[in-house]
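Presented below is the structure to which this report refers.
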Amino acid sequence: MNIQAQDRQESFVTSQLNDLIGWARKFSIFQYPFVTACCGMEYMATACSHYDIDRFGAGLPRFSPRQSDVLMVVGTISHKLAPVLKQIYDQMCDPKWVVAFGVCTCTGGFYDNYATVMGIDTIIPVDVYIPGCPPRPENVLDGLMKLQEKIQGQKQMV
Amino acid sequence: MILEKIKEKFLDDVLETSDFRGDLTAVVKKEIIQDLMKFLKSDSALEFNILMDLTAVDYLWQDRTPRFDVVYHLFSLPKNQRLRIKAGVDEKDCVIDSLVSLWPIANWFEREVWDMFGIKFKGHPDLKRILMYQQFEGHPLRKDYPIIKRQPLIGPKN
């Protein structure tokens, strides 16, 4: 992004619309926490004041998929739950992104059995993978910054 | 003393008893399970008023008959005493009497055992799957269920 304050008195900036929208979107992430398992504790630790996810503009979780633009899938997804996750994803408005939080959502983790989905990317597209069992808050914030880079860098739908 | 009482009352229908450091176990024939439980619950010297757990074990690897054991864990609040009852159920006649009329909690326990092991409970008011989805075929905790056989509702098969 190319912001130049030409003069303090006049104070205007030049930019490209694509960059400006990306900049706005990456700092106003409204997340839908789809919390199913133990990773939820680490998600809460990240969201609370100690690590303070609000520093990255992601401080307001919405509990309706229609109001959110980042789907945080936190915890193991079973085959019974898979249609629900797909429906939640379909209900979200564009533009939308998906974060796979924890190793169970990335690959199925150590659950190699009849019950567990082997990675949510078999059902819905995933933008950022945060591995770990569970991932530490630093790891989550790193993933969040990766997502911000991705949002900033992509072609914006207007 | 408790095991003696059971043996005295049910004679040859009690196949085996053991007392390992106060951990009382009785193996019985499945035909008497309802009478036995009624007796254990109502007898004033025993008063086993709580059904702590109801589960099953598959002994396929031991190749024995009967193949399954249905295991009941009882607890007596007035006497502070625990007791384990095992009843063998074979694959060919995979039915045992339901205990819902004695303990309402048996309702969900028995649905779980039906779901996971395929053991039917005679007299259960609504014997259907409780953990897996209705479309699921087979019973996943049976030892002859393939360990990674998945039956996803949506998404790829494996």
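The values are calculated or read from the model by the stated rules, or taken from the named source; none is laboratory data. Everything numeric in this text was worked out from a predicted model, so none of it was measured. Glycine also receives a Cβ, built like all others from the backbone with ideal geometry; neighbour counts cover every protein chain displayed.
Values for this structure:
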quantity	calculated
Pairs with Cβ under 6 Å, 6+ apart, first in the stretch B:133-158 and more than 8 Å from every other protein chain (Cβ to nearest Cβ), second part of a loop (DSSP other than H, G, I, E, B)	B:PHE136/B:GLN151; B:GLY138/B:TYR145; B:HIS139/B:GLY118
Residue check for A:LYS80: basic (Lys, Arg), assigned to a loop (DSSP other than H, G, I, E, B) and either over 19 Å from A:ARG25 (Cα atoms) or touching a residue at least 40 places away in the same chain (Cβ under 8 Å) (or both)	yes
Residue ID - surrounded by the fewest Cβ atoms within 10 Å (Cβ to Cβ), chosen from residues in the stretch A:73-96 that are of a type in the set (A, V, I, L, M, F, W, C) and touching a helix residue (DSSP H, G or I) at 6+ places or on another chain (Cβ under 6 Å)	A:ILE88
Evaluation of B:VAL95 against (1) modelled with pLDDT of 90 or more; (2) among the aliphatic types (A, V, I, L, M); (3) more than 14 Å from B:ALA56 (Cβ to Cβ); (4) surrounded by fewer than 18 Cβ atoms within 10 Å (Cβ to Cβ) (one fails), failing number	(3)
B:SER76 hydroxyl-bearing (Ser, Thr, Tyr), closer than 26 Å to B:ASP126 by Cα, out of contact with any Ser or Thr (no Cβ under 8 Å at 6 or more places or on another chain) and modelled with pLDDT of 90 or more	no
Residues located in the stretch B:7-24, provided they are in a strand (DSSP E or B) and farther than 20 Å from B:ASP90 by Cβ	B:THR17, B:SER18, B:ASP19, B:PHE20, B:ASP23, B:LEU24
Meets criteria (part of a helix (DSSP H, G or I) and either modelled with pLDDT of 90 or more or farther than 18 Å from B:LEU60 by Cα (or both)) for B:TRP108	yes
Residue list for the stretch A:94-115, restricted to those being more than 14 Å from chain B (Cβ to nearest Cβ) and either modelled with pLDDT of 90 or more or touching a Phe, Trp or Tyr at 6+ places or on another chain (Cβ under 9 Å) (or both)	A:LYS96, A:TRP97, A:VAL98, A:VAL99, A:ALA100, A:PHE101, A:GLY102, A:VAL103, A:CYS104, A:CYS106
Which listed residue is in contact (Cβ under 8 Å) with a residue 60 or more places away in the chain and among the basic types (Lys, Arg), from B:LYS92, B:LYS79, B:LYS86	B:LYS86
Close pairs (8 angstrom Cβ cut-off, 6 or more residues apart or separate chains): closer than 15 Å to A:VAL140 by Cβ and surrounded by fewer than 20 Cβ atoms within 10 Å (Cβ to Cβ) in the stretch A:27-41, modelled with pLDDT under 90 and among the polar types (S, T, N, Q) anywhere	none
